[in-house]
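The values are calculated or read from the model by the stated rules, or taken from the named source; none is laboratory data. Keep in mind that this is a model prediction, so the values were computed, not measured. Don't worry about glycine lacking a Cβ; one is built from the backbone with ideal geometry, like all the others, and counts go over all protein chains shown.
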């Protein structure tokens, strides 16, 4: 009788342990599935942003080594997606996007529309932050990350400046002198605000001032520093 009771206790204990084990397996699997889903969602977002940034860098003529660093980062994201969901629609979609990005070349005439310029600015800013983050995580040296960030900042400034110049040139061809002058002045303002060494932006500033002077000749106030200062102020 005692042995039967002991057997029942052992059986109940074994059933309890089996239930606990099954619950642990189910809970662990659910946690893993949730982690996998969240990770894939993050990877999808990051890979899309990185590929868009990579496309913009190629369109505006970024340095090849910066493009290469972002390309390596994109490949690491794609490899992780492939490890987590090799036959998924997401994997196929990302592969198609990567192949499309690989075919992009620099635009000879620069970006033509305001929308394209704004989009490029967004992804150049994203690339700046990404490279700085890569520097913090040790994927590139902090010094190199800082140098890349400064390079992309200037690329952003010069891209916006060139876009205004291109629009001004098109307006001049159509006889829209006032519109062209406004774009040249906007371009000059972008350069003035840019936090880069004066030597780096001097040639472009001189080019812009020449175009502004053609459309808005300096007034003849007579000789004197005051006249020159007033004229410079009005041309800003």
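Below, the figures for the structure above:
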read-out: Qualifying residue in segment 21-39 (condition: surrounded by 10 or more Cβ atoms within 10 Å (Cβ to Cβ), under 22 Å from residue 134 (Cβ atoms), under 15 Å from the mean Cα position of the chain (by Cα) and modelled with pLDDT of 65 or more); value: no
read-out: Filtered residues of segment 132-143 (kept if exposed (fewer than 15 other Cβ atoms within 10 Å of the Cβ) and either part of a helix (DSSP H, G or I) or at positive phi (or both)); value: 133, 136, 138, 142, 143
read-out: From 227, 180, residue being at pLDDT 90 or above, over 20 Å from residue 66 (Cβ atoms) and in a helix (DSSP H, G or I); value: 180
read-out: Tally, over segment 97-120, of residues that are surrounded by 10 or more Cβ atoms within 10 Å (Cβ to Cβ) and farther than 19 Å from residue 166 by Cβ; value: 6
read-out: Matching residues in segment 125-149 - criterion: being closer than 21 Å to residue 195 by Cβ and in contact (Cβ under 8 Å) with a residue 40 or more places away in the chain; value: 126, 127, 130, 131, 148
read-out: Selected residue (criterion: farthest from residue 171 (Cα to Cα)) from residues of segment 91-114 that are modelled with pLDDT of 90 or more, part of a helix (DSSP H, G or I) and within 18 Å of the chain's Cα centre (by Cα); value: 94
read-out: Residues satisfying the stated conditions in segment 62-94, i.e. without any contact (Cβ under 8 Å) to a residue 24 or more places away in the chain and either crowded, with 18+ Cβ neighbours inside 10 Å or touching a helix residue (DSSP H, G or I) at 6+ places or on another chain (Cβ under 7 Å) (or both); value: 67, 71, 82, 91
